[in-house]
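The structure appears right after this line, and notes come after that.
The values are calculated or read from the model by the stated rules, or taken from the named source; none is laboratory data. Everything numeric in this text was worked out from a predicted model, so none of it was measured. Cβ placement follows ideal geometry from the backbone for every residue including glycine, while neighbour counts extend to all protein chains displayed.
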Amino acid sequence: MIGSSLDVDQGAEAKFLQPILTLTAKPDPDFKLPPQLLEPIQSASLGNTDSLGAREVWTTRFNDTYSGESGRLKLRQATMMVLSRDSLIMRALDLKMPILWIQGSDDVILSPENGQRELALTGSVDPRFEVVQGGHYMSHTTHPEIVNALLKEFVEKHGK
């Protein structure tokens, strides 16, 4: 298998995400995001900052998104997708367009090292890897000014 993510060092990602698979293993029509998962998910996604009241907004979104049987299944599938990125990796060579990969330096869900390796697997004509210092998984929420500037520059260069 080309570049299977199972060959990629998952380190912190696996340690963080494996418990989610255990907690979401059985169907449950009354599933609610357990409080013991909410804080680690928020910390991994947002860090310790509360940029623009993001924690309150995302608490509501996480609880709404990951409730009931469909929410349990979404959380489980999203976790499996991050742990096993084979779908993206297997298609990477087909990606010929310019790619801007923005990664938080403190992302524990997908480390910057893994992001850099995955971008290198693409066939992009102009791959660009940017690290947001102090950023986490959701750097667009915690560092919007940096992410927006990177996106603006990328679109101005490649947008038509």
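Values for this structure:
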quantity: Any chance HIS136 is closer than 25 Å to GLU56 by Cβ and modelled with pLDDT under 90; calculated: yes
quantity: Residue match in the stretch 127-148 (condition: in contact with a Phe, Trp or Tyr (Cβ under 6 Å, 6 or more places away or on another chain), surrounded by 18 or more Cβ atoms within 10 Å (Cβ to Cβ) and not acidic (Asp, Glu)); calculated: no
quantity: In the stretch 60-88, residue farthest from LEU46 (Cα to Cα) [restricted to those that are modelled with pLDDT under 85 and polar (S, T, N, Q)]; calculated: SER87
quantity: Test: SER67 is assigned by TED's automatic domain parsing to the domain that holds PRO34 and of a type in the set (Gly, Ala, Ser); calculated: yes
quantity: Total residues in the stretch 12-33, condition at pLDDT 80 or above, of a type outside the set (Val, Ile, Thr) and loosely packed, with under 12 Cβ neighbours inside 10 Å; calculated: 5
quantity: Odd one out for ARG91 among (1) at pLDDT below 85; (2) outside the structural domain of ILE20 (by TED's automatic domain parsing); (3) under 30 Å from PHE31 (Cα atoms); (4) surrounded by fewer than 18 Cβ atoms within 10 Å (Cβ to Cβ); calculated: (3)
quantity: Which listed residue is in the same structural domain as LEU23 (by TED's automatic domain parsing), touching a residue at least 12 places away in the same chain (Cβ under 8 Å) and surrounded by 14 or more Cβ atoms within 10 Å (Cβ to Cβ), from THR122, THR59; calculated: THR59
